[in-house]
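Worksheet: the structure to be examined is printed underneath.
The values are calculated or read from the model by the stated rules, or taken from the named source; none is laboratory data. Everything numeric in this text was worked out from a predicted model, so none of it was measured. In this analysis, Cβ positions are derived from the backbone assuming ideal geometry, glycine residues included, and neighbour counts consider all displayed protein chains. Side chains included, ligands, DNA and RNA excluded: accessible areas come from the protein's heavy atoms. Shrake-Rupley method; radii C 1.70, N 1.55, O 1.52, S 1.80 Å.
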Amino acid sequence: MLDFPGTPGTLTGFVLRILQCVFAAGSIASMATSVGFYNFTAFCYVIASMGLQVTWSFMLALLDAYALVRKKMLHNPILVSLFVVGDWVTATLSLAAASASGGVAVLFFSDLGHCNFGDECRKFQISVVLAFLSWITIAVSALIMLWILVAV
């Protein structure tokens, strides 16, 4: 029952964590390389949230890699409950940050009809898309962890 794709210590679980890191780091890089992001609280929040996401996902990717090398399953109830809490907290923060920054991006492009920041607007949009992709992958992990916690 506990041996399905995405569980800790499996290759798909490792790939999920790596994707979370890559999408979050890409969101940070896209936003941080734009000049005026610090003028908007939502854009600063997406950087902070994705920074937490990168840290959390990278640590768990390392743990998954260790479990893969040692051929161990990480289904200790205490460890799984820590994964559940961490995944759900980071998923909630990531969704809030992506939604807030997405709202600002929609304001620029749809409501105002144009963006006065030039090439920076594309970077804002790319960052928002990558933040949502990061949230999708962390949401999948959070649901898998919750399923494992109930089954353990």
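Within the range 63-84, the set of residues being open to solvent by 30 Å² or more (accessible area, probe 1.4 Å) and either of a type outside the set (A, V, I, L, M, F, W, C) or at pLDDT 95 or above (or both) comprises Tyr66, Arg70, Lys71, Lys72, His75, Asn76, Pro77, Ser81. Go through the range 3-60 and give me each residue that's under 30 Å from Cys115 (Cα atoms) and assigned to a loop (DSSP other than H, G, I, E, B). If the condition is that a residue be under 30 Å from Cys115 (Cα atoms) and assigned to a loop (DSSP other than H, G, I, E, B), then Thr33, Ser34, Val35, Gly36, Phe40 are the ones that fit.
In summary, Gly103 fulfils each of the numbered conditions (1) under 14 Å from Phe132 (Cα atoms); (2) modelled with pLDDT under 85; (3) not polar (S, T, N, Q) with the single exception of condition (2).
Note on the range 110-139: residues that are open to solvent by 60 Å² or more (accessible area, probe 1.4 Å) and either at pLDDT 75 or above or in contact with an Asp or Glu (Cβ under 7 Å, 6 or more places away or on another chain) (or both) total 8. Report whether or not Thr55 is exposed (fewer than 15 other Cβ atoms within 10 Å of the Cβ) and closer than 19 Å to Leu93 by Cα. Judged against the criteria, Thr55 is a match.
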